[in-house]
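Working notes, beginning with the structure itself.
The values are calculated or read from the model by the stated rules, or taken from the named source; none is laboratory data. Remember, it's a predicted structure, so these values are computed and weren't measured experimentally. Using ideal geometry, Cβ is built from the backbone for each residue, glycine included, and neighbour counts are taken over all protein chains shown. Surface accessibility is based on the protein's heavy atoms, side chains included, excluding ligands, DNA and RNA. Shrake-Rupley method; radii C 1.70, N 1.55, O 1.52, S 1.80 Å.
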Amino acid sequence: MPEPTHPTWPLAGARPGEIVVIARWTPADGSREDIETALPELVRASSAEPGCLGYGVLRQDSGDIVLVERYADQEALRAHRESEHFQRIVQAYIVPRLVSRDVTVTETC
C-alpha cells in the first residue's frame, strides 16, 4: 500500500506528556534509494504499534530524511525501539547506510 500523498502531520492532536522523536538521517552517497525502499514498511509497522500516535517522513532538499514520531509515553518508545521491525529495518539495514544520524527525544507540554 503506497504512502498517502499528503500524510497527516504526526504531531496533530498532541497532548502534554507525549513523547516526540525527531530523527535526521543523512544517507551515504548512493544509499538514499535503498533507504527510501525500506521506509514504507517501517512507517506501516511503526504506525501500527499500540503506543504510536503519529509517524511521518519528511524529505529534505539537502537529501536528508527526517522522521517525526509521537508516542503515548516512554514505555511506548521503548517498545518501538525493541520491536523486530525497528531492529531489522533501522538498526540492521538503514543505520549502516547513513553518514550521520541525529535523534532528539522530547516531551510535549
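Some notes on this structure:
- Filtered by the rule that a residue be over 23 Å from Gly17 (Cβ atoms) and not in a loop (DSSP other than H, G, I, E, B), region 51-65 gives Val57, Leu58, Arg59, Ile65.
- Residues that are under 14 Å from Ile94 (Cβ atoms) and without any contact (Cβ under 8 Å) to a residue 40 or more places away in the chain were ranked within region 31-78; the one that is nearest to the chain's Cα centre (by Cα) is Leu39.
- Test result for Pro50, of a type outside the set (Phe, Trp, Tyr), exposed (fewer than 12 other Cβ atoms within 10 Å of the Cβ) and at pLDDT 95 or above: yes
- Those residues of region 66-82 which are assigned to a helix (DSSP H, G or I), open to solvent by less than 20 Å² (accessible area, probe 1.4 Å) and either basic (Lys, Arg) or in contact with a strand residue (DSSP E or B) (Cβ under 6 Å, 6 or more places away or on another chain) (or both), in sequence order: Leu77
- Taken over region 1-32, the criterion of being at pLDDT 95 or above and either among the polar types (S, T, N, Q) or over 23 Å from Arg78 (Cα atoms) (or both) is satisfied by Thr26, Pro27, Ala28, Asp29, Gly30, Ser31, Arg32.
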